[in-house]
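One structure is given here, and the rest of the page talks about it.
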Amino acid sequence: MTAVVLSVDAELAWGDRDRPDPPRHVESARDSWSRLLATFDEFDVPVTWAVVGHLFLSECDGEHDDHATPTDDWFEDDPGGRAARSPLWFGGGLVGSIADADAGHEIAGQPFSHAAFDDGRTTREVAVVETRATLEAAADAGFDVETFVLPRNEVAHRDVLAAYGFTCYRGARPALWFDGARLESLAKTVDLTVSRTSPPLVEPAVDDHGLVTVPASMRLADLDGPAGTLVQTLGDPVARAAKRGIDRAAEEDGVFHLCLRPSDFSEERDFERLRTVLEHLDAVREETGLPVRTMGEVAADLQVADPATSRTPIGPR
Ligand SMILES: [Zn+2]
């Protein structure tokens with residue numbers, strides 16, 4: 001399979017709720033979300049938007065008493081009420097704006113309250129509730145979600161995803177030489193600036209639960225650490241790496257899967273970086289016919305190719 005896939009982690013406040021003060025990017029998250037949508041439309045690039053389940057709600061009681069949670073104070077920061085009063089905790093019209101966009105996006109899910117599935121606190125009971133609540137909130141809002149994304153791509157409880165009829169999830173990026181290195185952020189910076197290796201292409205596959213995994217290739221975000229900050233002032237090695245990934249997908253068999261978080265977009269140069277990458281993608285697509293596909297489209301192709309994987313889900317309720 002040859003394709004470029006883009007996926008967005010749509011979280012608003014839920015991705016950073018355990019921090020004492022919301023970071024600046026959370027305050028601007030709704031604007032970032034809208035600007036990303038406009039940019040994808042401009043380049044006609046369809047994207048998989050993985051929406052935290054709570055964002056499908058238009059109101060809540062702020063308590064969620066019947067929802068099994070990893071800790072007793074899990075919903076402490078949830079202000080409850082209605083979307084208009086707490087715009088960072090509810091999607092409001094934003095989820096609808098994904099569906100209405102011309103680019104033809106896929107709406108996918110994340111755990112209802114952004115619980116990390118493999119952190120040792122998320123029991124199977126919590127995973128069931130987090131998965132089912134997302135499915136139900138999405139269905140009540142009129143959306144049928146089949147793809148699931150887990151925080152930090154740390155995959156666990158896949159049997160639960162399969163039981164609830166999901167067909168696809170985002171797997172972890174393949175391990176690279178700098179992962180776990182003693183000076184990891186420096187090593188990664190060297191990799192992007194000196195070695196200039198291409199990010200990995202990935203091979204979507206059907207797992208033992210009949211789910212299609214589409215692993216990540218790279219995240220379009222600033223490099224960490226002082227060395228990363230320095231090299232970004234001298235150019236944009238992250239954008240260049242993404243372009244190398246696109247070129248590689250046009251030349252070799254495999255998928256280049258670029259991941260984005262609206263929380264990584266708070267400054268003008270962050271949006272410029274995305275435009276640079278999408279301009280390149282548009283040019284390569286025009287020249288080579290390289291397809292840009294959603295995770296759901298990739299999964300549908302693989303499952304048609306392997307009818308033995310068709311399953312009867314338990315269903316949302
Ligand atoms: Zn709530």
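Worth pointing out:
- A simple spin-label model places pseudo-atoms 7 Å from Cα toward Cβ; at Asp301 and Ala156 they are separated by 3.3 nm.
- Surface accessible to a 1.4 Å probe, per residue, for the residues of the chain, Å²: 44
- At an R0 of 30 angstrom, the distance between the Cβ atoms of Thr71 and Ala205 translates into a FRET efficiency of 0.30.
- Applying 0.36 nm per residue to the separation of Ala38 and Glu286 and subtracting their alpha-carbon distance, the gain on full extension is 87.2 nm.
- For segment 2-302, the share of accessible area belonging to carbon and sulfur comes to 46 percent (1.4 Å probe, ligands and nucleic acids excluded).
- Simple spin-label estimate for Asp119 and Asp253 gives 4.0 nm between the two label positions (7 Å along the Cα-to-Cβ direction from each Cα).
- Put simply, the Cα atoms of the chain extend 52, 49, 42 Å along their principal axes, the longest span coming first.
- A cut-off of 5 Å between modelled amide H atoms, ignoring neighbours fewer than 5 places along the same chain, links Val8 with Thr48, Trp49, Ala50, Leu260.
- What separates the Cα centres of segment 260-287 and segment 1-61 is a distance of 15 Å.
- Of the GluC sites (Glu not before Pro) found in segment 86-176, those that fall in a DSSP loop while having at most 16 other beta-carbon atoms within 10 Å are Glu154.
The values are calculated or read from the model by the stated rules, or taken from the named source; none is laboratory data. Since this is a predicted model, take the numbers as computed values, not measurements. Using ideal geometry, Cβ is built from the backbone for each residue, glycine included, and neighbour counts are taken over all protein chains shown. All accessible areas refer to the heavy atoms of the entire protein, side chains included, with ligands and DNA or RNA removed. Shrake-Rupley method; radii C 1.70, N 1.55, O 1.52, S 1.80 Å.
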